[in-house]
Amino acid sequence: MFYLPYLRWLRHLGERLGIQNALSVWGNAFAKYDEALLIQILSSEWHTVISNETNPEDSINTSIVEIFPATPQILSNAEVRSVIENTPPIPQIRRLFSSNTVEKEITAFDALHLRFDGLACLAESLIAVYGKQGEFIVYDLMAEARLASGKGETGSVEEFIDGFSAESDSPDLFSAGLQSELIGKTKREVVMYVRECEWSRYFQERHPTVGYLMACSTDEISYKAFNKNLRMQRTRTLMERAEKCDFRIYAIEENLNVEE
């Protein structure tokens, strides 16, 4: 869960900035890292889970080889692994747990902290040094991850709108703490207001300068990946401290080939 995003970020930063600049950004991001909340989340009530999945060590080594296949490599596999394993929350997890597979029911806020705190620290460090160029790099990385999470799934406009407007049967990281109001819906359009969002609460409290960039900026690109005719209008967001997110998702007409 934690190794793969960091591996992708390290390779991408190395390609865009040069490996020494990438390592400098990485070091600055965690030079004064405050692990208090992380340790609080990890400290108790976790349970070991018996897993039939591939040995985690084998998965880690495979991921390193897949993400850093270039020859000559800019870093050795051991150097890559050292960078990643010194990036929160990995060293804290390795220090506190003897088992590679544990579970615990936690709040969406805590889950977001585990998943995004380290990446947000990297984004802040990158932007502090490289400004707008750093923002574009972060956007590219988040868009790549967002599209990868969709696994190439596609469907009709109506399927998307039904899914977008449906209430979740069981809360997950994306729906927990979400309070939304369906304003209108047709087969080609849905208007929805989001009144409360745990993602907004987390980023405003922990990483306010990169919240929109990391959590909201790639929404439309993921919708278009599902169906190329989908479009999004949104003029305000909770992440930017508005009173609501005003989503309007609609479909444009497909281009028609007209013979002259």
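The values are calculated or read from the model by the stated rules, or taken from the named source; none is laboratory data. Source: prediction; values computed, not measured. Cβ placement follows ideal geometry from the backbone for every residue including glycine, while neighbour counts extend to all protein chains displayed. Surface accessibility is based on the protein's heavy atoms, side chains included, excluding ligands, DNA and RNA. Shrake-Rupley method; radii C 1.70, N 1.55, O 1.52, S 1.80 Å.
Provide the FRET efficiency to the nearest 0.05 for the Lys228-Glu196 pair, computing r from the beta carbons and using R0 = 45 Å.
According to the calculation, E is roughly 0.90.
Considering only protein heavy atoms and a 1.4 Å probe, what is the carbon-and-sulfur percentage of the accessible area of the chain?
Values: 7320 of 15160 Å².
Carbon and sulfur: 48 percent of the exposed surface of the chain.
Give me the one-decimal Kirkwood hydrodynamic radius in Å for region 142-260, with the sum taken over alpha-carbon pairs. Before the final figure, lay out the partial values.
On the way: mean 1/r = 0.0649 Å⁻¹.
After inverting the pairwise mean of 1/r, the radius is 15.4 Å.
Using DSSP to call loops (not H, G, I, E or B), can you name the trypsin sites (Lys or Arg not before Pro) in region 6-100 whose Cβ has at most 10 other Cβ atoms within 10 angstrom?
Details: sites: Arg8, Arg11, Arg16, Lys32, Arg81, Arg94, Arg95; in loops: Lys32.
Sparse-neighbourhood loop trypsin sites (Lys or Arg not before Pro): Lys32.
Before I look further, what does the chain give for accessible area per residue, probe 1.4 Å, in whole square angstrom? All intermediate terms of the calculation are to be shown ahead of the outcome.
On the way: 15160 Å² over 260 residues.
Here the residues of the chain average 58 Å² of exposed surface.
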| note | Applied in sequence order to region 185-191, the curve 6.51 cos²θ - 1.76 cosθ + 1.60 (Karplus, θ = phi - 60°) yields integer Hz couplings, x standing for Gly and Pro, of 8, 10, 5, 10, 7, 9, 10
| Out-of-range pairs (alpha-carbon distance over 20 Å; input Lys151/Lys224; Lys185/Lys244; Lys151/Lys228; Lys187/Lys224; Lys104/Lys151) | Lys104/Lys151
| note | With T = 4 °C, eta = 1.567 mPa s and Kirkwood Rh from C-alpha pairs, the Stokes-Einstein D of region 89-139 in µm²/s is about 100
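Take each complete run of DSSP H in the chain, measure how far its Cα atoms stretch along the helix's own axis, and keep only those covering 18 Å or more with mean Kyte-Doolittle hydropathy at least -1.0; list them. Write out the running numbers ahead of the final one.
Numbers: long enough: 3-17 (21 Å, -0.45); 108-149 (31 Å, 0.60).
Answer set is 3-17, 108-149.
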| Ile252: accessible area at probe 1.4 Å, nearest 10 Å²? | 60
| task | Tell me which label goes with the value of mean projected area of the Cα convex hull in nm² computed from the coordinates here: (i) 18.0; (ii) 13.6; (iii) 14.4. | result | (i)
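Around Ala78, under 15 Å between beta carbons, what's the net of Lys plus Arg minus Asp minus Glu among the other residues? Write down the numbers at each step before the final one.
Working: positive: Arg81; negative: Glu57, Glu79, Glu85.
Here the count lands on -2.
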| message | What does the C-alpha gyration tensor say about the overall shape of region 1-77? Classify as rounded when a/c is under 1.5, otherwise prolate if a/b is larger than b/c, or oblate. | response | oblate
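Taking only C-alpha pairs under 8 Å that are 6+ residues apart, what is the relative contact order of the chain in percent? Don't skip to the end; give the middle numbers.
Details: 276 pairs, mean separation 45.1, N = 260.
Answer for the chain is 17 percent.
Net charge near His207: determine it from the other residues with C-beta under 11 Å of the C-beta of His207, scoring Lys and Arg +1 and Asp and Glu -1. Walk me through the numbers before you get to the answer.
On the way: positive: Arg206; negative: Asp117, Glu124, Glu205.
Residues near His207 contribute -2 overall.
How much length, in nm to one decimal, is gained on full extension between Asn86 and Arg236, taken as 0.36 nm per residue of separation minus their Cα-Cα distance?
Details: separation 150, 0.36 × 150 = 54.00 nm, distance 3.74 nm.
Gain in length upon complete extension: 50.3 nm.
Taking loop as defined by DSSP and a crowding limit of 16 other beta carbons within 10 Å, which GluC sites (Glu not before Pro) in region 5-76 fit?
For GluC sites (Glu not before Pro) across region 5-76 that sit outside H, G, I, E and B with at most 16 neighbouring Cβ atoms in 10 Å, the list reads Glu35, Glu45, Glu53.
What net charge do the residues around Glu181 carry, taking every other residue with its C-beta under 9 Å from that of Glu181, with Lys and Arg at +1 and Asp and Glu at -1? Intermediate results must be reported in sequence, preceding the final value.
On the way: positive: Arg195, Lys244; negative: none.
For residues surrounding Glu181, the net value is +2.
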